[in-house]
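The values are calculated or read from the model by the stated rules, or taken from the named source; none is laboratory data. This is a predicted model, so every value here is computed, not measured. No Cβ is skipped: glycine too gets one built from the backbone with ideal geometry, and neighbour counts run over all protein chains shown.
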Amino acid sequence: MFEGPSRAPARIRAVGRALPEHYADQASLTAALSEAWGEVHFNPERLEALHRAVQVSGRHLALPLAAYRDLRTFAERNDAWTTAAVDLGEIAVRDALARAGLSPTDVDHLVFVTTTGIATPSVDARLVDRLGLRRDVRRSPLFGLGCAGGAAGLSRASDLLAAVPEGVAVLLSVELCSLTLQRDDLSIPNIIASGLFGDGAAAVVLTGGARDPSGAENGPALVASASSFYPGTERVMGWDVVDSGFKVVLSARVPDVVREYVALDVDAFLAAQGLSRSEIRHWIAHTGGPKVLQAFETTLGLPEAALARSWRSLREIGNLSSASVLFVLGELLASGEPESGDFGLLLAMGPGFCSELVLLRW
């Protein structure tokens, strides 16, 4: 029997989402890459097969497709990343605050997660004046969590609100994966990444338990969270930082790691809360790709429809790294499907290799 924590947990008030205005279907992206890589010895049929295998129909891009040809150096790509990340981040945060019925001056803490670009001042700092946040807003920029960043960001924001239970925190995730593509890398991991990852931003407004002690209508409570690091897996996923920027590390072992660890971690996490898998009504998984989603379904024994929103998000916009699980969460909240008393489990995995679990209750 679930007993819950002794203190009122933080609650999700709203999720805001933003996609770049530029969009290209997968066929157009595949053709553009075939043309770019046609300058060297390359098998276009292999590219097309790998792009079909990831089951993505198209993706939103930070820049017009033709503009990527002019980006030759890491500095040029990162400058474009910074400009686009600030613009897209502003849209996502404003959307989330409006949905929550709050203003920028209500925000006490801004948590920012990304893995696709670097900036100092960080993107969260560049948004303070633009959004009209208070001078005393506290900021926590987090880099390098990859696809796990959205779930980890929720967990860390909840931890912050435990210390300030009357406060308001905003989690912002911005990932512009298209600006990390390595044009001279013809490896299978880079080709898969070129077909799988998209661009987007998501923001989540959370309030401490003392601010909304009961309001179930405001969204689910973050009941508990857990992190798990898997030893000997540092080369499963990540970046190699090279002269030209971020070179993707993406091992074929990812689905194997999911099957080896996730069910054990989920069961132990739920048992600590007096729950079992059968009591979870809503499964919110990051869109890691077809093999990752299939591994989630198999190892957790999930029914066919359990990850339908994750599959749909993957097909429509690709894997948005840390923002992907927040997009799926936003879709669930917008559906109106959850009912009072429902449990949901949000899960994501990323470089480390590691997993992040967040238990939600409506």
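Rundown of residues vs (1) within 23 Å of Gly330 (Cα to Cα); (2) assigned by TED's automatic domain parsing to the domain that holds Leu196; (3) surrounded by fewer than 24 Cβ atoms within 10 Å (Cβ to Cβ), yes/no style:
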position	(1), (2), (3)
Asp129	no, yes, yes
Asp136	no, yes, yes
Cys147	yes, yes, no
Gly150	yes, yes, no
Ser158	yes, yes, no
Val164	no, yes, yes
Gly167	yes, yes, yes
Cys177	yes, yes, no
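For region 279-327, filtered to residues that are of a type in the set (A, V, I, L, M, F, W, C) and in contact with a Lys or Arg (Cβ under 7 Å, 6 or more places away or on another chain), the residue that is nearest to Val262 (Cα to Cα) is Leu300. For Ala252, the requirement of being surrounded by fewer than 15 Cβ atoms within 10 Å (Cβ to Cβ) and out of contact with any Pro (no Cβ under 8 Å at 6 or more places or on another chain) is met.
Regarding Ser173, is this residue closer than 24 Å to Ala224 by Cβ and either touching a residue at least 12 places away in the same chain (Cβ under 8 Å) or surrounded by 19 or more Cβ atoms within 10 Å (Cβ to Cβ) (or both)? Give the steps one after another, and end with the answer.
Details: closer than 24 Å to Ala224 by Cβ: yes; either touching a residue at least 12 places away in the same chain (Cβ under 8 Å) or surrounded by 19 or more Cβ atoms within 10 Å (Cβ to Cβ) (or both): yes.
Yes: the conditions hold for Ser173.
Quick grid of which residues meet (1) more than 24 Å from Val242 (Cβ to Cβ); (2) in the same structural domain as Val242 (by TED's automatic domain parsing); (3) of a type in the set (S, T, N, Q):
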residue: Leu29; (1), (2), (3): no, no, no
residue: Ser34; (1), (2), (3): no, no, yes
residue: Trp37; (1), (2), (3): no, no, no
residue: Ala49; (1), (2), (3): yes, no, no
residue: His60; (1), (2), (3): yes, no, no
residue: Tyr68; (1), (2), (3): no, no, no
residue: Ala92; (1), (2), (3): yes, no, no
residue: Leu102; (1), (2), (3): yes, no, no
residue: Thr120; (1), (2), (3): no, no, yes
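Condition test on Glu316, is it over 21 Å from the mean Cα position of the chain (by Cα), part of a helix (DSSP H, G or I) and of a type outside the set (Ser, Thr, Tyr)? Answer is no for this residue.
Filtering Glu297, Glu304 for residues that are of a type in the set (Asp, Glu) and over 24 Å from Phe229 (Cβ atoms) leaves a single hit, Glu304. Beta carbons closer than 7 Å, at least 6 apart along the sequence or on distinct chains, pair a first residue in region 309-324 that is free of Cβ contacts under 8 Å to residues at least 60 places away in the same chain and small (Gly, Ala, Ser) with a second that is crowded, with 24+ Cβ neighbours inside 10 Å and in a helix (DSSP H, G or I) for Ser310/Val328; Ser313/Ser324; Ser313/Phe327; Ser313/Val328.
Among the numbered conditions (1) in contact with a helix residue (DSSP H, G or I) (Cβ under 6 Å, 6 or more places away or on another chain); (2) within 18 Å of Ser178 (Cβ to Cβ), the only one that Leu133 does not meet is (2). Within region 106-123, no residue that is at positive phi and modelled with pLDDT of 95 or more sits with its Cβ atom under 6 Å from a residue that is of a type in the set (Asp, Glu) and surrounded by fewer than 24 Cβ atoms within 10 Å (Cβ to Cβ) at 6+ positions apart or across chains.
Checking each residue in region 263-296 for being surrounded by 20 or more Cβ atoms within 10 Å (Cβ to Cβ) and free of Cβ contacts under 8 Å to residues at least 24 places away in the same chain picks out only Leu293.
Screening region 91-123 for residues that are assigned to a helix (DSSP H, G or I) and acidic (Asp, Glu) and picking the one that is surrounded by the most Cβ atoms within 10 Å (Cβ to Cβ) gives Asp95.
Quick one: which of Val262, Val254, Val266, Val292 is outside the structural domain of Gly58 (by TED's automatic domain parsing), modelled with pLDDT under 95 and either within 25 Å of Arg13 (Cβ to Cβ) or touching a helix residue (DSSP H, G or I) at 6+ places or on another chain (Cβ under 9 Å) (or both)?
Working: Val262 fails: modelled with pLDDT under 95; Val266 fails: modelled with pLDDT under 95; Val292 fails: modelled with pLDDT under 95.
Selected residue: Val254, the only one of Val262, Val254, Val266, Val292 that is outside the structural domain of Gly58 (by TED's automatic domain parsing), modelled with pLDDT under 95 and either within 25 Å of Arg13 (Cβ to Cβ) or touching a helix residue (DSSP H, G or I) at 6+ places or on another chain (Cβ under 9 Å) (or both).
Of everything listed in (1) assigned to a helix (DSSP H, G or I); (2) out of contact with any strand residue (DSSP E or B) (no Cβ under 9 Å at 6 or more places or on another chain), the single unmet condition for Leu88 is (2).
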